[in-house]
1. Restricting everything to alpha-carbon atoms, can you work out Rg to Rh for region 38-156 with a Kirkwood hydrodynamic radius?
2. What does the extension gain come out to for residue 80 and residue 155, with contour length at 0.36 nm per residue minus their alpha carbon separation?
3. Which translational diffusion coefficient, to the nearest whole µm²/s, is obtained for region 108-244 from the Stokes-Einstein equation, given a Kirkwood hydrodynamic radius over C-alpha pairs, 37 °C and 0.692 mPa s?
4. What is region 73-128 by shape, rounded, prolate or oblate, if you read a ≥ b ≥ c off the alpha carbon gyration tensor as root eigenvalues and call it rounded for a/c under 1.5, prolate for a/b larger than b/c, and oblate otherwise?
5. What would the Debye equation give as log₁₀ I(q)/I(0) for region 1-56 at q = 0.14, 0.15, 0.29 Å⁻¹, counting only Cα atoms as equal point scatterers?
6. Rg/Rh for the chain: what does it come to with C-alpha atoms and Rh from Kirkwood?
7. What's the extension gain from residue 15 to residue 58 if we count 0.36 nm per residue and subtract their Cα-Cα distance?
8. Run the numbers for residue 132 and residue 209: contour at 0.36 nm per residue of separation, minus the present Cα-Cα distance, in nm.
Amino acid sequence: SADSPQAQSAAYYKAAEGKTGDALLKALNKIVKKHAVLNYDAARDELFADVDDPTDTDTVTCVYTGRVIKGVHDRETAYQAGKGFSTEHTWPQSMGAKTEPARSDLHHLFPVDTRINSVRGNSPFGNVKNPLQEFPLLEVALDRVKTGLDASGNQVFEPRKVHKGNVARAIFYFYTNYAVSKTADVWLDNFRVEHDTLLKWHREDPVDADERRRNEAIYKLQKNRNPFIDHPEYVEAIGAFPTR
């Protein structure tokens, strides 16, 4: 029926149909850029209360380390006097996410351990070859969050495996919404370093049910979607994202 999720999705992405490369990127930009903007406090409260507490048990997980904290129902209870969680801007504030609407855009905001948040700082993402710091995780001893140098000598930050594809799709969304519009002062310095690695992460860690659920929850609040979660094939159809 016309009301089925498939039909709604087809209607949402109609303008992107059959397009590739730059034309697809521009079509997706037009589709996603019109969205409701929550203020920063409201966005963070929604993040901790609902978007990243799918079981509704006041329990939130750090996307980078897998650390879990309980008793969370808004940004204040998440912070827990600095021992808890803050909000990660996957696309760093200093690189173009400091002003609205980018600052409060839930498609690239995630709950993160405050200590790991400062470890990442505004480093680009990448695969660490020479670790300067490693943070073992509770659930899988071999899967570590790392910061250090990649094979080309860039200082990079590497999250745990299960979040790598999510990072890639969040960054591709942000780029499509804000870098293509050239609205904010969006710096591509990190993106140039990350680009090829993110394409790999997107392929190696495909979209899962939790990512789809999260996209839906954000759609209810912002009235826009992350196209690369709904249509992972769009990444390949775009090819290389321009980094000039």
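1. In region 38-156, Rg relative to Rh is 0.99.
2. 24.0 nm
3. 208 µm²/s
4. Here region 73-128 falls in the oblate category.
5. For region 1-56 at q = 0.14, 0.15, 0.29 Å⁻¹, log10 I(q)/I(0) is -0.64, -0.71, -0.99.
6. 0.95
7. Length gained, residue 15 through residue 58: 11.6 nm.
8. My answer for the length gained is 24.4 nm.
Read the figures in this text as sums done on the coordinates, not as results from a lab. Keep in mind the model is a prediction, meaning the values are calculated, not measured. Counting neighbours? That spans all protein chains shown, and the Cβs are built from the backbone with ideal geometry, glycine included.
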